[in-house]
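Worksheet: one structure, shown below.
The values are calculated or read from the model by the stated rules, or taken from the named source; none is laboratory data. This is a predicted model, so every value here is computed, not measured. Neighbour counts are summed over all protein chains in view; Cβ atoms, including those assigned to glycine, are modelled from backbone coordinates with ideal geometry.
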Amino acid sequence: MKKINIILLLLFSSVLTFAQNITGDWYGALDIQGQKLRIVFHIVENDSGFSATMDSPDQGAKGIPVSDITLKNSILSIAAKAIGFEYAGIVNENYTKVAGIFKQAGQEFKLSLQREAIEVETPNRPQEPKAPFPYYTKDIKFFNSEDEVELAGTITLPDTVGKYPAVVLISGSGPQNRNSEVFGHKLFLVLADYLTRNGIGVLRFDDRGVGESGGNIQTATSENYALDALAGVQYLQTRNDIDLNNIGLIGMSEGGMIAPIATSLSDDIAFIVLMAGPGIPTPELLELQTIAISMANGITEEKISFNNSIMQGAYKILNESKEEESVSEKLKNYFDGRLNELSKEELEEIGDLNNFIERTVNQLTSAWFRYIVKYNPEENLAKVKCPVLAINGEKDLQVLPKENLAGIEKALKSGGNKNYTIKELPDLNHIFQKCETGNPDEYAKIEETMNPRALKTITKWILGITRN
């Protein structure tokens, strides 16, 4: 009996040691176009095995939920369906390092994980404002009662007594914090600083499920994010230092799609600014985006045509499928057939075909993507009756300016809105930096966060309509 107790104790000890080895914090850094993007996984043990969350410190994103995590035969596998990434790596014998591959949006990056935190060189960002600021700033929380989500943000106001026009900032795709940190740039911090210094109040906030905001990004759609923005408007309406007749929205990229949705749901929006917002249906926008970025990266016309053909077919399946349970199976069969048209060399570039198809289908069938792939911005833009400023960078390869600005103008006209301004800003890219080509691989390399012409255009227009 005593011998059995000793064996059980040893077995129990080995389980504890194993759990302690894989649990804890793991640090790594992706090398994206020469820019280091840190990744942190927090792994804990639970009744069914393990669970985890992910941080992206350089994007200000914390606590991103991991949907799947397994450890089998020294292979650590982690996936987050909400943002479409997968990681698989080999754990060393003493559980101090993991060597693996991080996959997202069809791209692969080597990613090694370690127990020690990684410090990266801070890129030069001369526009980034530093405290103390010459204006009022306060971290606040507000509540989206429709979805029962508490959101956290920062309000900034001119540091003098008065009632000021104000805006709520709406970020683009992906989990973003209140500063909209991408590629080492804090886009919304720079924008909010400029606007506030020029007499405009600003509320910027962490996306639901990011930073200090509650909520679940895995089930959220653009319509949910529109309700979050309206909750921000409702918060501003409770303050006695805001001009209640002049509260507007500024949406960037997908935020430029969300702003018209929010405006169609509320009569309280005095104006909206669309920064690189879509003006054409999503499948068309994505096709043009793929062509433009692929050409900028030297991809052959044959490959571009094939890629677009595959994805347009997938979008068609998504738009026509009504039964949620069957759409994943339809897409898997579709991709299996189409991808087997590739050469042996091309299939080797993809790697594990089943894994690639599974990952792609998970991304396409997420609640967020199912919503936007069926979205036609014309419907909500036609309902917008308040003043609109729509701007794009001339060299934007993600939301092409000519097609999308024309689509926005057409929709506004069809709804009878005559109070709008459309501007294409020369030499600027998707995030409104002065650039050479507009290729996304330039974003991190450019020191400028947001070009003064864009900042001045927005500010001048808002002050002009709110002072009338």
Quiz item: Tally time: how many residues in the range 325-375 are outside any helix (DSSP H, G or I) and closer than 23 Å to ILE299 by Cβ?
Solution: 6
Practice problem: Determine if the range 76-99 includes at least one residue that is loosely packed, with under 14 Cβ neighbours inside 10 Å, at pLDDT 85 or above and within 24 Å of ILE217 (Cβ to Cβ). | Solution: no
Quiz item: How many of the residues in the range 235-262 are closer than 19 Å to GLU223 by Cα and of a type in the set (Ser, Thr, Tyr)?
Solution: 2
Quiz item: Do we have THR449 as β-branched (Val, Ile, Thr), surrounded by 18 or more Cβ atoms within 10 Å (Cβ to Cβ) and not in a helix (DSSP H, G or I) here?
Solution: yes
Quiz item: Quick one: would you say ILE269 is aliphatic (A, V, I, L, M) and part of a loop (DSSP other than H, G, I, E, B)?
Solution: yes
Quiz item: Does ILE78 meet the test of being within 20 Å of the chain's Cα centre (by Cα), without any contact (Cβ under 8 Å) to a residue 40 or more places away in the chain and either assigned by TED's automatic domain parsing to the domain that holds ASN21 or not in a loop (DSSP other than H, G, I, E, B) (or both)?
Solution: yes
Practice problem: Report whether or not LYS72 is at pLDDT 75 or above, over 29 Å from the mean Cα position of the chain (by Cα) and of a type in the set (D, E, K, R). | Solution: yes
Self-check item: Residue list for the range 112-135, filter: surrounded by 10 or more Cβ atoms within 10 Å (Cβ to Cβ) and among the hydrophobic types (A, V, I, L, M, F, W, C)
Solution: LEU113, ALA117, ILE118, VAL120, PHE133
Quiz item: Only one of these conditions is not met by LEU455: (1) in a loop (DSSP other than H, G, I, E, B); (2) among the aliphatic types (A, V, I, L, M); (3) out of contact with any strand residue (DSSP E or B) (no Cβ under 9 Å at 6 or more places or on another chain). Which number is it?
Solution: (1)
Quiz item: Somewhere in the range 169-179, is a residue more than 20 Å from TYR27 (Cβ to Cβ), assigned by TED's automatic domain parsing to the domain that holds LEU230 and in a strand (DSSP E or B)?
Solution: yes
Quiz item: Just checking, how many residues over the range 34-67 are in contact (Cβ under 8 Å) with a residue 12 or more places away in the chain and more than 30 Å from TYR443 (Cβ to Cβ)?
Solution: 6
Exercise. Can you work out which of the residues in the range 353-385 that are under 29 Å from ASP336 (Cα atoms) and of a type in the set (Gly, Ala, Ser) is surrounded by the fewest Cβ atoms within 10 Å (Cβ to Cβ)?
Key: ALA367
Practice problem: Identify all residues within the range 316-368 that are in contact with a helix residue (DSSP H, G or I) (Cβ under 6 Å, 6 or more places away or on another chain), touching a residue at least 24 places away in the same chain (Cβ under 8 Å) and not hydrophobic (A, V, I, L, M, F, W, C); write none if there are none. | Solution: SER328, LYS332, ARG338, THR365
Quiz item: Considering the range 94-149 alone, what residues qualify as being over 30 Å from GLY24 (Cα atoms), in contact (Cβ under 8 Å) with a residue 24 or more places away in the chain and part of a loop (DSSP other than H, G, I, E, B)?
Solution: ASN124, ARG125, PRO126, GLN127, GLU128, PRO129, PHE133, PRO134, SER145, GLU146, ASP147
Self-check item: Near pairs, Cβ below 6 angstrom, 6+ apart or cross-chain, from the range 399-419 (hydroxyl-bearing (Ser, Thr, Tyr)) to any residue that is surrounded by 13 or more Cβ atoms within 10 Å (Cβ to Cβ)
Solution: SER414/ALA382
Quiz item: All but one of (1) surrounded by fewer than 23 Cβ atoms within 10 Å (Cβ to Cβ); (2) under 20 Å from the mean Cα position of the chain (by Cα); (3) over 21 Å from SER366 (Cα atoms) hold for LEU265; which doesn't?
Solution: (2)
Practice problem: State which residue is farthest from PRO132 (Cα to Cα) when the search covers only the range 179-219 and only residues that are of a type in the set (Phe, Trp, Tyr) and under 16 Å from the mean Cα position of the chain (by Cα). | Solution: PHE183
